[in-house]
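The values are calculated or read from the model by the stated rules, or taken from the named source; none is laboratory data. All figures in this text were calculated on a predicted structure; none of them were measured in a lab. Glycine gets a Cβ as well: all are built from the backbone with ideal geometry, and neighbour counts include every protein chain shown.
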Amino acid sequence: MLLIREVFSCHPGKVKPMVEKFRTMARLNEKAGQGKMRILTDFVAEHYWTIVAEFEVENLKAFEDMMSGQGQQMSAEDQKEMEQVFSGYHDLVVKGRREIWKIES
């Protein structure tokens, strides 16, 4: 099992809009059978205005399939909502990175 963490540093005052985008993404992904996503914001972090979205996948193949849209059970309406929600999200973000952790126990 792997833990995927998407870590973003946002522009000042832009964490809340980014959280809303991730909440919508989490709802749509769960509806499509991709499991739950946790959304975290910084209390103390390396940089101010940090948001983390994390979720678990069985293996790298499952992650690759998810990122390419393979095997998704998302309706056309939900896909359109996802596209609308994340259009322009680059305007909220300064930088980001992905972490992939192996869950040992």
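If I ask for residues that are at pLDDT below 90 and either farther than 19 Å from Ser87 by Cα or assigned to a loop (DSSP other than H, G, I, E, B) (or both), which ones from the stretch 5-42 would you list?
Within the stretch 5-42, Glu30, Lys31, Ala32, Gly33, Gln34, Gly35 qualify.
Under the condition of being within 15 Å of the chain's Cα centre (by Cα) and hydroxyl-bearing (Ser, Thr, Tyr), which residue from the stretch 66-92 is nearest to Phe22 (Cα to Cα)?
Taking the candidates together, the pick is Tyr89.
Report, ordered by the first and then the second residue, all pairs with beta carbons closer than 6 Å, sequence separation of six or more or different chains, a first member in the stretch 63-83 that is surrounded by 11 or more Cβ atoms within 10 Å (Cβ to Cβ), and a second member that is of a type in the set (D, E, K, R) and in a helix (DSSP H, G or I).
Hits for this filter: Gly71/Asp65.
Does any residue in the stretch 45-60 that is closer than 21 Å to Arg27 by Cα come within less than 6 Å, Cβ to Cβ, of a residue that is of a type in the set (D, E, K, R) and modelled with pLDDT of 95 or more six or more places away or on a different chain, and which pairs are these?
Hits for this filter: Val52/Arg5; Ala53/Glu6; Glu54/Arg5; Glu54/Arg38.
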